[in-house]
Amino acid sequence: MKSKTKKIKKTSESVQAYFNKFDMSPTSLMIVFGIIALIIVLYMLSSPRPYDDDNIGRYFMAQAALEKSEFFINMWGRPLAIIFFLLPAQFGYWVSASATALLTLGTCFFIYKAAKAANFPNSWLSVIFLFFQPLFLITSFSLCTEPLAAFLLSMGLYFYYKGSWNSSALSLSFMSLARTELVLLLPVFAAVFLYRKKWISFLLLGTGLLIFQITGMAMTGDYLFLLTAAKSAGHGLYPNGPFAHYFERFIFIT
């Protein structure tokens, strides 16, 4: 009985050791990403309507941004999101949604690379856990700002674990221009960079906000533009702004 118990324990330890060092081959990973892409496409084809009204509003803002340059610095539309969707929006809503789908695949890729760089066992599972997180899945082809912010965060984490501190800081610095609330994460990373004595990386965390401040100040003449923009974040254009008359038309033509 004792011998049998030892044998079971030894087998269990062997299995555990195997899975701790198990990783997928490049071909297997390509298959996993192919399956994820197929799920997104099927999900997109079975969803004849946008995720919410934010999607429609951001689409029209990106489409009109070349004529209305103020949309590039609009906090409700999110500056980085308007820039990202600027070109796809000229070719239609579902082209823009497809651009987000590619971004989603990129986020999965960088999360996997981050897990690998951090030497996490079974790092490939990070892709599965991320993609099938409900909110991540249902916004995987939307024009919400979350996919873009998640992409920047995943890229920042990859560079961080890789030891590319400055690249990490630059990636993370633009998160808040995609999703405003993520500005709350900047002090956390700032504390980490300070702890590691990465002074340049610490300063680079402010790059995104600094560019936003300079651009906004140049366009509006407001020396306190960042503060003004932050106060206006809760006043959107979508419900009753210049694009309100598009909503009904959009609903019936898609």
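The values are calculated or read from the model by the stated rules, or taken from the named source; none is laboratory data. All values derive from a computational prediction rather than experimental measurement. Cβ placement follows ideal geometry from the backbone for every residue including glycine, while neighbour counts extend to all protein chains displayed. Ligands, DNA and RNA are stripped out before the accessible areas are found, and what is left, the full protein with its side chains, is counted by its heavy atoms. Shrake-Rupley method; radii C 1.70, N 1.55, O 1.52, S 1.80 Å.
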Is it the case that some residue within the stretch 122-129 is modelled with pLDDT of 90 or more, closer than 17 Å to LYS162 by Cα and open to solvent by 60 Å² or more (accessible area, probe 1.4 Å)? no
Check your understanding: Just wondering, is there one or more residues in the stretch 76-99 that are in contact (Cβ under 8 Å) with a residue 60 or more places away in the chain, buried (at least 23 other Cβ atoms within 10 Å of the Cβ) and polar (S, T, N, Q)?
Key -> no
Of the residues in the stretch 131-167, those that are part of a helix (DSSP H, G or I) and hydroxyl-bearing (Ser, Thr, Tyr) number 5
Expected output for the stretch 134-156 (first residue open to solvent by less than 10 Å² (accessible area, probe 1.4 Å), partner acidic (Asp, Glu), Cβ below 6 Å, 6+ apart or cross-chain) is THR139/GLU146
Quiz item: Given the structure, is ALA190 closer than 25 Å to PHE71 by Cβ, outside any loop (DSSP other than H, G, I, E, B) and aliphatic (A, V, I, L, M)?
Solution: no
Restricted to the stretch 157-188 and to residues being of a type outside the set (Gly, Ala, Ser) and open to solvent by less than 30 Å² (accessible area, probe 1.4 Å), the residue nearest to the chain's Cα centre (by Cα) is MET175
